[in-house]
1. It is to be established whether one or more residues within the stretch 194-215 are assigned to a loop (DSSP other than H, G, I, E, B), within 30 Å of Val83 (Cβ to Cβ) and open to solvent by 80 Å² or more (accessible area, probe 1.4 Å).
2. Considering the stretch 12-50 alone, what residues qualify as being at pLDDT below 75 and not in a helix (DSSP H, G or I)?
3. Please determine, by comparing only the residues of the stretch 216-242 that are outside any loop (DSSP other than H, G, I, E, B) and open to solvent by 40 Å² or more (accessible area, probe 1.4 Å), which one is nearest to Leu156 (Cα to Cα).
4. From the list Phe154, Phe245, which residue is of a type outside the set (Ser, Thr, Tyr), closer than 26 Å to Glu61 by Cα, in contact (Cβ under 8 Å) with a residue 60 or more places away in the chain and open to solvent by 30 Å² or more (accessible area, probe 1.4 Å)?
5. For the list (1) more than 20 Å from Ala125 (Cβ to Cβ); (2) exposed (fewer than 11 other Cβ atoms within 10 Å of the Cβ); (3) free of Cβ contacts under 8 Å to residues at least 60 places away in the same chain, I need the number of the one condition that Glu25 fails.
6. Scan (1) touching a Pro at 6+ places or on another chain (Cβ under 6 Å); (2) open to solvent by 40 Å² or more (accessible area, probe 1.4 Å) for the single condition Ile111 breaks and write down its number.
Amino acid sequence: MSAVRFAAVDSWVVAKRDLIHWVREPVRVFANLAYPVISVLIFGLVFGSAMNVFGGGDYIEFLMPGMFGQTIAFGVGTTMMMVSMDADRGVTDRFRASPMSQTGVVAGRSIADLVNSSLELLVLALCGLVIGWSFDNGLLNALLAFALFLWLRFALVWIGIYLGLLVKPEAAQASWMFLFPLTMFANTFVSPELMPGWLRVVAEWNPLSSTVAAARELFGNPGVGGDSWAAQNSLLLAVLWPAVFVAVFWPLSVLKYRNLSR
């Protein structure tokens with residue numbers, strides 16, 4: 001129990017340090033919060049009138065779970081960048097030279113990122129409510145949907161930590177060119193049923209699609225369904241995909257942190 005308590009205390013110390021950085025960089029925080037809001041306005045109000053939802057329904061209600069998902073996925077780039085910068089500047093080496101729990105250091109990063117992502121989802125949800133989005137299956141199901149998004153974010157944090165420990169900050173900045181198509185080749189903005197056959201398969205089995213589809217079902221938004229196994233079992237996959245990511249990348253991140261040499 002003392003080891004667990006030691007790791008928990010160190011996790012909170014590292015998380016608080018990262019959160020203080022955000023408070024002291026209000027411009028970066030504003031930019032992170034403004035991007036998804038602007039995207040909602042562009043896709044929902046500018047392009048929304050020209051978009052169709054397979055099976056019918058309001059496009060803004062179809063769009064919002066996809067925007068939640070894209071925001072969560074883009075967080076990987078932020079995690080990679082911050083972890084890589086800490087390692088490059090020697091901050092990580094100072095942590096390793098201190099009597100700190102090795103698990104606690106990387107876990108603290110995940111706590112800070114979850115707090116940040118929760119704030120982003122809150123701002124995005126409020127923006128969606130203003131322009132006409134709604135959740136029709138009750139507050140409890142809506143909270144479960146947001147919990148699925150945060151569960152995915154928790155899993156992606158460990159991917160971001162591992163990759164951030166592998167690459168330099170310059171390479172971490174290039175992650176956006178891979179994240180953007182990852183969030184587009186999914187059911188975030190267009191129903192997979194409207195895509196070409198090969199792309200439809202890619203979109204339906206995209207882990208992000210599983211979380212977005214499960215959230216649409218819990219919110220009571222349109223765009224739910226499909227005849228593939230992945231589409232019909234989106235809630236199950238929304239739980240399993242992140243569990244696999246955590247099981248693989250959590251130990252890899254801790255191992256890489258222990259053996260880090262820069």
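1. No - not one qualifying residue is present in the stretch 194-215.
2. The one that is at pLDDT below 75 and not in a helix (DSSP H, G or I): Phe47.
3. Per the criteria, the residue is Trp241.
4. Phe154
5. (2)
6. The one condition Ile111 does not meet is (1).
The values are calculated or read from the model by the stated rules, or taken from the named source; none is laboratory data. In this text the structure is predicted, and so the values were computed from the model without any measurement. Counting neighbours? That spans all protein chains shown, and the Cβs are built from the backbone with ideal geometry, glycine included. For accessibility, only protein heavy atoms count, side chains too; no ligands or nucleic acids. Shrake-Rupley method; radii C 1.70, N 1.55, O 1.52, S 1.80 Å.
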